[in-house]
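The values are calculated or read from the model by the stated rules, or taken from the named source; none is laboratory data. No experiment lies behind these values; they were computed from the predicted model shown. Neighbour counts are summed over all protein chains in view; Cβ atoms, including those assigned to glycine, are modelled from backbone coordinates with ideal geometry. Just the protein is used for accessible areas: all its heavy atoms, side chains included, with ligands, DNA and RNA removed. Shrake-Rupley method; radii C 1.70, N 1.55, O 1.52, S 1.80 Å.
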Amino acid sequence: MTLTRKSLLISLSFLITACGSISNERASDASAVSASASGAYSDQGITSSNVLYFAYDKSDVNSEGRAKIRNLAKIINKEGLNVRIEGHCDERGTREYNLALGESRAKTVAELLVINGVSSSKISTVSYGEEKPAASGSNENSWSQNRRALIKTF
Amino acid sequence: MNALKGLILILLFVSSQSSLSQLRIEITGGAEDPINIAVVPIDWKLEFPQEEYLHEIIKKDLESFGEFKVLPPEGMLSFPSTEEEVFYRDWRLLNVDYLVVGHANKSEIEGELKISYFIFDIARERVIHKAILSGSIKSIRRVAHNMSDKIYKKVQGIPGIFSTRLAYIDKPSLDDKNYNLRISDIDGFNGISLFSSPQPIMSPNWSPLGDRMAYVSFEEGTSRIFIQTISTGTRSGIKLEKGINSSPNWSPKGDKLAAVLSKEGNPDIFLYDLKRESWSQITEHFGIDTEPDWSPNGKSLLFTSNRSGSPQIYQVNVRSKRVKRLTFEGTYNARARYSPDGKSIVFVHRRDGVFHIATQKIKSGKVRILTDTSLDESPTISPNGNVVIYATKRKDEDILAGITIDGKTKFILPSLRGEVREPAWSPILD
């Protein structure tokens, strides 16, 4: 290795260790613009809303609920109504998992309506998971009111 | 010197902005052994006073997660602002490990400033970083956060996260009957509502560049995934399918979203190709498959499934679609997120009926519970892998809290507005 190369290497390493170079840095501006929902869904046009309750982490309907669905099915068929079924959960468990659980509650109710003679073309289902609780509070009293399906007719 | 004059002016300007902030970091437990650092008030050579002090913002940043103890100006023996003015013994006497000094000047560009600053390693008696940082005078907080990030990187060897942002969802309150998707700086300042709706909003997820947000909105009376450009507010719904449309999660390249659809009758994991605007199916099982998260290398996805009878975390290879179960401890493991190195996962774990945030090395499978709060959910990991923010309850109220991955520092982010949930940490924003 020649002397000049050696000294170049030494001075290079000196530069690195001494951090002789000045870096140029830039702080970027961060801007954000708001948006809002226009013409969002509302319950306008819904004429009745019936509620069924569920056990924790379950989507099966008890005998009381089945009787309620039988009666409702008769009215729905007689009056030619459309049905929107909303499935809801309590706050325990993760939000997306609860969205799936709420759907299985809504679908169980839909199947029972179909069994009782309601045309599936008249039924729509939606899950809100734990996003629209009926009662606030982290206790069994609130939770039992939130594990529900709403059968809305229009 | 200027900095001392400045200290008096502080009284006039301090906290005028903090009262507007929506989230605030409040440390509830700290690391035992912080690094000592001194940040000398930046010598301000502009013709108008600073409205917010750079060294104060930097101090707050560095102390946020308990890793640093920042020496206040009152304890300093001298106030250097250039490399030549630094006497190492002054700082050794004060037990300082690192020192930051600098001066701010007007830039040639209108509305901008330039800060020349130096970071010193006191024990080794040398400069470990010198830089000229430029930025907008109006965004002085961002300039300070940027400096904090550089200091953090030079001292800790991993990226700082003080310029990152947090997205979260506001619950409707008496003041505002709408659901709001908000973002703010990670220290709670500069909060803004990105999207507001009378119907629920869920599952915010940042694009890999941090310029767009995917989320679920119920504004059409059913769940639908929307993508919004943050800087313009422009938004559009992606192709809607029957049933659940939810849990969007950007691929590391930004070209696809993993998401959940129940169009086949039950929730499964799908990919949405943003360019072709089409869906393809990844998992196929009669149980619930949900909550996908891309691995940092883009090869696999984490997801939650109850196919074994209770919710557990699984990993699926995107190409082969081969599924592997990852969690075996307990009967409720869900909503997992990969650490940035892809070697660990952070998830919701139920033990003795209580929901905690836990972490597990993928290979060893050993679970370590991180949090001692209850009803914990929605963990989100800082882009440097060091900190987890999650949603929890305090006195029946939805709040956000955080913990460092080593478990040493705990903090809460109390909201000044009301109840908040579903935190989502932005990537590092350049």
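Key figures
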| read-out | value |
| --- | --- |
| Counted charge near B:Ser197, where neighbours are those whose Cβ lies closer than 12 Å (Asp, Glu -1; Lys, Arg +1) | -2 |
| Accessible area of chain B belonging to carbon and sulfur atoms, whole % at 1.4 Å probe | 49 percent |
| Solvent-accessible area per residue, Å², over segment B:35-156 with all protein chains present [probe radius 1.4 Å] | 42 Å² |
| Bridge type composition, segment A:48-153 - antiparallel percent by DSSP, nearest 5 | 65 percent |
| Within the accessible area of segment A:48-153 (1.4 Å probe), percent carbon and sulfur | 48 percent |
| For chain B, calculated [θ]222 nm from helices alone, where every DSSP H run of n ≥ 4 adds -39500 (n - 2.57) | -3000 deg cm²/dmol |
| Solvent accessible area, Å² - A:Ser121, 1.4 Å probe, full protein context | 100 Å² |
| Cα-based equivalent ellipsoid, chain B: semi-axes from gyration tensor eigenvalues, Å | 42, 24, 20 |
| Nearest 10 degrees, 0 to 90: helix B:2-13 Cα axis against chain B principal axis | 50 degrees |
| Heavy-atom accessible area per residue - chain A, 1.4 Å, Å² | 53 Å² |
| Separation between Cα centres of segment B:20-72 and segment A:77-154, rounded to whole Å | 49 Å |
| Per DSSP, loop trypsin sites (Lys or Arg not before Pro) in segment B:335-378 with at most 15 further Cβ within 10 Å | B:Lys343, B:Lys363, B:Lys366 |
| Loop-resident sites, segment B:201-295, for trypsin sites (Lys or Arg not before Pro), counting at most 16 other Cβ within 10 Å (DSSP) | B:Lys239, B:Lys242, B:Lys253, B:Lys263, B:Lys275, B:Arg276 |
| Residue of B:Gly309, B:Gly243, B:Gly188 that the Gaussian network model of chain B assigns the largest fluctuation, springs spanning Cα pairs under 10 Å | B:Gly309 |
| Percent antiparallel among DSSP beta bridges (both partners in segment B:35-156, rounded to 5) | 70 percent |
| Gyration tensor verdict on segment B:196-298 (Cα atoms; rounded if a/c is under 1.5, prolate if a/b is larger than b/c, oblate otherwise) | oblate |
| HN-Hα J in Hz across segment B:182-193 - Karplus 6.51, -1.76, 1.60, θ = phi - 60°, x for Gly and Pro | 10, 10, 8, 4, 5, 8, x, 7, 6, x, 8, 7 |
| Protein heavy-atom accessible area occluded, A/B pair - total, 1.4 Å probe, Å² | 4800 Å² |
| Listed residue pairs exceeding 31 Å between alpha carbons, taken from A:Lys132/B:Lys343; B:Lys138/B:Lys408; B:Lys130/B:Lys256; B:Lys114/B:Lys275; B:Lys130/B:Lys253; B:Lys171/B:Lys410 | A:Lys132/B:Lys343; B:Lys138/B:Lys408; B:Lys130/B:Lys256; B:Lys114/B:Lys275; B:Lys130/B:Lys253 |
| Spread of Cα-to-Cα distances over 10 Å intervals beginning at zero, given as percent, for segment B:35-156 | 14, 49, 31, 6, 0 |
| Kirkwood-based Rg to Rh ratio, segment B:243-381, C-alpha trace | 0.96 |
| Student exercise, chain B dipole from Lys, Arg, Asp, Glu Cβ charges, in Debye to nearest 20 | 1460 debye |
| Under the Debye formula (equal points on every Cα, no solvent term), log10 I(q)/I(0) of segment B:96-203 at q = 0.21 Å⁻¹ | -1.07 |
| Chain A: Cα Rg divided by the 2.2 N^0.38 Å rule of thumb | 2.05 |
| Segment B:293-372 versus segment B:83-105: alpha-carbon centroid distance in Å | 46 Å |
| Percent RCO, i.e. relative contact order, over segment B:223-336, from Cα pairs under 8 Å lying at least 6 residues apart | 16 percent |
| From phi via Karplus (6.51, -1.76, 1.60), per-residue ³J(HN,Hα) for segment A:73-80 in Hz, x at Gly/Pro | 4, 4, 4, 4, 5, 4, 9, x |
| Loop-located chymotrypsin sites (Phe, Trp or Tyr not before Pro) in segment A:27-117, at most 16 other Cβ atoms within 10 Å (DSSP) | A:Tyr41, A:Tyr56 |
| Directionally averaged shadow of segment B:81-134, computed from the convex hull of its alpha-carbon atoms, nm² | 3.8 nm² |
| Rh (Kirkwood; distinct C-alpha pairs) - segment B:157-196, Å | 11.2 Å |
| Mean separation of Cα contacts under 8 Å, 6 or more apart, over the residue count of chain A: relative contact order % | 31 percent |
| Rounded if a/c under 1.5, otherwise prolate or oblate - segment B:332-430, Cα gyration tensor axes | oblate |
| Per-residue [θ]222 nm for chain A (sum of -39500 (n - 2.57) over DSSP H runs n ≥ 4, rounded to 500) | -13000 deg cm²/dmol |
| Cβ-placed point charges (K, R +1; D, E -1), dipole of the protein assembly as shown about Cα centre in debye, nearest 20 | 1860 debye |
| Orientation-averaged projected area, Cα convex hull of the protein assembly as shown (nm²) | 32.0 nm² |
| Residue among A:Asn82, A:Asn71, A:Asn24 with the largest mean-square fluctuation in a Gaussian network model of chain A, springs linking Cα atoms under 10 Å | A:Asn24 |
| For segment B:298-368: span of alpha carbons on each principal axis (Å, largest first) | 37, 27, 18 |
| log₁₀ of I(q)/I(0) at q = 0.11, 0.25 Å⁻¹ - segment B:177-249, Debye sum with one point per alpha carbon | -0.26, -1.24 |
